[in-house]
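Below is one structure; the comments refer to it alone.
The values are calculated or read from the model by the stated rules, or taken from the named source; none is laboratory data. Small disclaimer: the values here were computed from a predicted structure and weren't measured. Every residue, glycine among them, receives a Cβ derived from its backbone with ideal geometry; neighbour counts consider all protein chains shown.
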Amino acid sequence: MPTSFHFTCPKADISRLWVFRLIAALLTLCTYSACPAWADAPQPMHGIAMHGAPQYPANFTHFRYVNPQAPKGGALRLHAIGTFDTLNPYTLKGMSAAGLGLTYDTLMTSAMDEAFTEYGLIAHTITVPENRAWVRFDLRTEARWHDGKPITPADVVFSFYTLKDKGDPFYRSYYAGVAKVEASGPHAVTFTFHESGNRELPLIIGQMPILPAHYWKDRDFAATTLEPPLGSGPYRIVSAEAGRSIVYERVKDYWGKALPVNVGRYNPDTVRFDYYRDTTVALEAFKAGAFDIMTEYEAKKWATAYDFPAVAEGRVIRAEIPHHTPSGMQGFAFNIRRPVFKDPRVREALAYAFDFEWTNAALFHGAYRRINSYFDNSELAATALPDAAERAILEPFRAQVPPEVFTTVYAAPKVEGELGLRTNLKRAITILKSAGWTIQNGRMTETATGHPLRFEIMINGAQGAAFERITLPFIQNLKKIGVEASLRSVDVNQFQNRVRQFDFDIMVASFGQSLSPGNEQDSFFGSAAADRPGSRNVIGIKSPAIDAIIRRIVMAQDRPDLIAATRALDRVLLWSHYVIPQWYLPYSRIAYWNRFGLPGTLTIRGTDTWTWWIDTQKDAALKRE
């Protein structure tokens, strides 16, 4: 815990010479022996990096990727898919509305041009010891809720325990390393951790949304609500119609508008989200000018559906914006709680029936790259055989992980050659035979029980035909080897509820990754989350080896150590065949009506649309056309 040191004179008339001698003696002590605690006490900092030092100095005025002179004003129109029935985004109940994060501030905020660095928002400074056993945040005295009341350490303490005890189960896992939280001054709050060495935990706490204790005092935090909650962020809710739309207005007297981390951001006066049943309907609304920005996730639509007059005339801009962040993993995820998927050989065999090459050529116009890593498109991906650092991490678990982890670089099954898919399906049959399955009367059957290999693939109805046309050919390929698979498309609410209860056989799932993986890996793949409803471990992984490797990631003390541990995790996950990998893009596809000004600098994550502004001249010209 940081301490201050004060010299106290034993007598009022003590000579200056005596003081100088005392100082000299203490300096000598620090030179030739261990310094007292006060001498190397950690100092408050304006920012904190996962590893190394922040790139922006304490006196920085704005991020490099913003326009600090960006004008405020105008209306931004966005869209969302599905529905919503609550304005509290932090609980398990209900479907929360889009954009609610705009109404809340956090202790710190991230820079988009660094791997993982945070700078003060509600917190003026952050103080951590070298071993990161605790963290103290000194709050800005000017920080205010929208009702004018100050944000206090009591609000921070309330937020932590409320999110952990009543919020989404994710928070319980994410904050598990915190032993206690306490106000440590009139404007300071300190988090003490169960152990030292977790370099990410102070940054995780920095990301925590801060909630107003006085507002929630007489309200049920766990319940759904359509009453606009009190916030402190750059926007507040002005209207919300469940399942249809939500509108935010910029807070003109927002307490944090002049902070360096906010300069040039949050420029529109109003932000409106309109809801649409699915992406096909939304695209038609975009073409009609109903909203301003469309991020396109379907290659076929990007290639064929944006050939409309406004694009040809330059009124709509199509942009492919590169980024340099990990792809994450998207794929057909197995629920290994189901007995049929407990054997990794069954999971491996089914992957040979997915023809990515045909899918990419016939459905995606060749736009995608195959995912071969949970961290593809980054230095974190295991693209070569393990080096000495990785082997040191993996060796203690040699008996617990697939042998290929040590001998072979993973590559998803590829359909190629003269026989194409036929070769892959023969390989699938061979693997299933080794796992105790044979084809009997045209059906893949478990020899010991006589049970057919049968399961359901669940997709989110909001994705509509996009994933149906991908999944149905996969099902047809499975049928060729006697596997009975069916497709179930369910609405957004039912999909979410079934996922929360792990009520599925196979689903299309994604596991987003960052340039600085850490504690979130526990929620994705850790044993403790496997049986907790609502957790992100939808696969149901329970592996002591994976738990230990995640631990190495969390406790990594420098970037090389983090890279080695992450690659080790990548290998084990890939060779365990928990998913059938799908595809990724190293760029984002964005179409927008030509009414915006954009900063000239991209970040490693691409573009941040909250740095855009309404260009009044472009907007006026667009309205005249």
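Report whether or not ARG559 is among the basic types (Lys, Arg), closer than 20 Å to TYR175 by Cα and surrounded by fewer than 22 Cβ atoms within 10 Å (Cβ to Cβ). Judged against the criteria, ARG559 is not a match. Against the list (1) within 23 Å of the chain's Cα centre (by Cα); (2) part of a strand (DSSP E or B), the condition SER489 fails is (1). Scanning segment 428-444 for residues that are surrounded by 20 or more Cβ atoms within 10 Å (Cβ to Cβ) and not aliphatic (A, V, I, L, M) yields a single hit, TRP437. Scanning segment 312-346 for residues that are under 26 Å from the mean Cα position of the chain (by Cα), among the charged types (D, E, K, R) and in the same structural domain as LEU380 (by TED's automatic domain parsing) turns up just one, ARG337.
When VAL281 is tested against the conditions (1) more than 16 Å from HIS79 (Cα to Cα); (2) more than 26 Å from the chain's Cα centre (by Cα); (3) without any contact (Cβ under 8 Å) to a residue 24 or more places away in the chain, the lone failure is (1). Residues of segment 288-307 that are loosely packed, with under 14 Cβ neighbours inside 10 Å and more than 25 Å from PRO268 (Cβ to Cβ): THR304, ASP307.
Residue-by-condition table, conditions (1) of a type in the set (Ser, Thr, Tyr); (2) over 26 Å from LEU380 (Cα atoms):
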{"position": "GLU298", "(1), (2)": "no, yes"}
{"position": "LYS301", "(1), (2)": "no, yes"}
{"position": "THR304", "(1), (2)": "yes, yes"}
{"position": "PRO309", "(1), (2)": "no, yes"}
{"position": "ARG315", "(1), (2)": "no, yes"}
{"position": "ALA319", "(1), (2)": "no, yes"}
{"position": "HIS323", "(1), (2)": "no, no"}
{"position": "GLY328", "(1), (2)": "no, no"}
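Among residues that are assigned to a helix (DSSP H, G or I) and in the same structural domain as ARG338 (by TED's automatic domain parsing), PHE474 is included.
Checking each residue in segment 173-211 for being surrounded by 18 or more Cβ atoms within 10 Å (Cβ to Cβ) and under 18 Å from SER96 (Cβ atoms) picks out TYR174, MET208, PRO209, ILE210, LEU211.
Of ARG337, ARG391, all but one fail to be assigned to a loop (DSSP other than H, G, I, E, B) and either at pLDDT 95 or above or among the charged types (D, E, K, R) (or both); the exception is ARG337. The single condition among (1) within 27 Å of THR471 (Cβ to Cβ); (2) surrounded by 15 or more Cβ atoms within 10 Å (Cβ to Cβ); (3) in contact with a Leu (Cβ under 9 Å, 6 or more places away or on another chain) that GLU320 does not meet is (2). Applying the set (1) closer than 30 Å to GLU390 by Cα; (2) without any contact (Cβ under 8 Å) to a residue 60 or more places away in the chain; (3) surrounded by fewer than 20 Cβ atoms within 10 Å (Cβ to Cβ); (4) of a type in the set (A, V, I, L, M, F, W, C) to PHE525 leaves exactly one unmet item: (3).
Summed over segment 528-544, the residues that are closer than 18 Å to PHE334 by Cβ and either crowded, with 19+ Cβ neighbours inside 10 Å or aliphatic (A, V, I, L, M) (or both) give a count of 10.
Do we find a residue being outside any loop (DSSP other than H, G, I, E, B), among the charged types (D, E, K, R) and farther than 30 Å from ALA242 by Cβ anywhere in segment 101-117? No, segment 101-117 contains no residue that is outside any loop (DSSP other than H, G, I, E, B), among the charged types (D, E, K, R) and farther than 30 Å from ALA242 by Cβ. Candidates are the residues of segment 280-296 that are of a type outside the set (A, V, I, L, M) and part of a loop (DSSP other than H, G, I, E, B); the one that is nearest to GLU320 (Cα to Cα) is GLU296.
Among the residues of segment 437-468, those that are of a type outside the set (A, V, I, L, M, F, W, C), in contact (Cβ under 8 Å) with a residue 40 or more places away in the chain, within 30 Å of ASP85 (Cβ to Cβ) and not in a strand (DSSP E or B) comprise GLY461, GLN463, GLY464.
The strands (runs of 3 or more DSSP E) falling completely within segment 167-272 that include 2 or more residues that are under 21 Å from ILE48 (Cα atoms) and out of contact with any Asp or Glu (no Cβ under 8 Å at 6 or more places or on another chain) map to 178-185, 188-193. Can LEU419 be described as surrounded by fewer than 12 Cβ atoms within 10 Å (Cβ to Cβ), outside the structural domain of HIS79 (by TED's automatic domain parsing) and either part of a loop (DSSP other than H, G, I, E, B) or touching a residue at least 12 places away in the same chain (Cβ under 8 Å) (or both)? Judged against the criteria, LEU419 is a match.
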